[in-house]
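Visitor: First the structure, which I've put down as structure tokens, then a few questions once you've had a look.
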Amino acid sequence: MHIGTQSLQLFQHSQLVKSHVISTSRRPPSNVKDSLGTPRGLHEIAERIGDGQPPGVVFKSRVPTGRHFSEFPDAGTNLITSRILWLRGLEPGVNRGGNVDSHDRYIYIHGTNREDLIGEPFSAGCVLMSNLGIIELYEVVRTGDLAWIGD
């Protein structure tokens, strides 16, 4: 993932397979707890959440609500939708452990109800994708797959 270009590239066997437009944090990149910045560095997919859920379903505390984002009154709020890929940092002191732990910060790649803002910094630290984009990515990645987030 590249914060500067708001893009995510999917590689398989060292070959670029797909590129997606994303949104990262509206704040500067940061690995520090409570910074609301998108963390940099090497991560792995720790958990895949949402298998089989319909596009646009909203998650609360990683549990599907059974409701589409259009059923939520405040459309200005960034909701977690469709699928969740929960990231775990792999670099001790950089994005793992202490006050820089990406997993403890609940850093996800996930869908959003604000697809109109994909491509510009908008999140509170997570990596946002279109609902169909995150479903497509979810289908090809597995727990343990690596994710690099750079400037």
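Throughout, read-outs are computed from the coordinates displayed, never taken from laboratory work. Small disclaimer: the values here were computed from a predicted structure and weren't measured. Glycine also receives a Cβ, built like all others from the backbone with ideal geometry; neighbour counts cover every protein chain displayed.
Visitor: Considering only His13, Pro54, Leu85, whose Cα is most displaced toward the positive end of the charge dipole of region 7-149, charges sitting on Cβ of Lys, Arg (+1) and Asp, Glu (-1)?
Guide: So the residue we want is Leu85.
Visitor: Classify region 49-97 from the C-alpha gyration tensor, please: rounded if a/c falls under 1.5, else prolate or oblate depending on whether a/b exceeds b/c. Before the final figure, lay out the partial values.
Guide: Values: a/c = 3.76, a/b = 2.04, b/c = 1.84.
Taking the square roots of the gyration eigenvalues as a ≥ b ≥ c, region 49-97 is prolate.
Visitor: Mind jotting down a quarter of the surface of the convex hull over the alpha carbons of region 1-148, in square nanometres, one decimal?
Guide: 8.2 nm²
Visitor: Helix 131-140 against the longest principal axis of the chain: what's the angle in degrees, Cα atoms only, rounded to the nearest 10?
Guide: With rounding to tens, the tilt is 50 degrees.
Visitor: Residues with beta-carbon under 15 Å from that of Phe72, excluding Phe72: net charge, scoring Lys, Arg +1 and Asp, Glu -1?
Guide: Its environment carries a net charge of 0.
Visitor: For a label point 7 Å from the Cα of Leu90 along Cα→C-beta, name the residues of region 111-151 whose backbone N is under 13 Å from it.
Guide: Residues 142-149 qualify, since their backbone N sits under 13 Å from the label point.
Visitor: In addition: All other residues with a Cβ under 12 Å from the Cβ of Phe122 taken together, and with Lys, Arg as +1 and Asp, Glu as -1, what is their net charge?
Guide: Numbers: positive: Arg26, Arg27, Arg114; negative: Glu115, Asp116, Glu120.
Around Phe122, the charge tally is 0.
Visitor: Can you tell me how much longer the chain between Ser19 and Glu44 gets when fully stretched, taken as 0.36 nm per residue apart minus their C-alpha distance, in nm with one decimal?
Guide: 7.2 nm
Visitor: If you filter region 49-151 for trypsin sites (Lys or Arg not before Pro), then keep DSSP loop positions with at most 13 other Cβ within 10 Å, what is left?
Guide: Here the sparse-neighbourhood loop sites are Arg142.
Visitor: When the dipole is taken about the Cα centre of the chain, and only Lys, Arg (+1) and Asp, Glu (-1) are charged at their Cβ, what size is it in debye, to the nearest 20?
Guide: So the dipole magnitude of the chain works out to roughly 180 debye.
Visitor: Evaluate the charge dipole of region 26-94 about its Cα centre and quote only its size in Debye, nearest 20, assuming +1 on the Cβ of each Lys and Arg and -1 on the Cβ of each Asp and Glu.
Guide: 100 debye
Visitor: Provide the FRET efficiency to the nearest 0.05 for the Thr77-Asp104 pair, computing r from the beta carbons and using R0 = 25 Å.
Guide: 0.60
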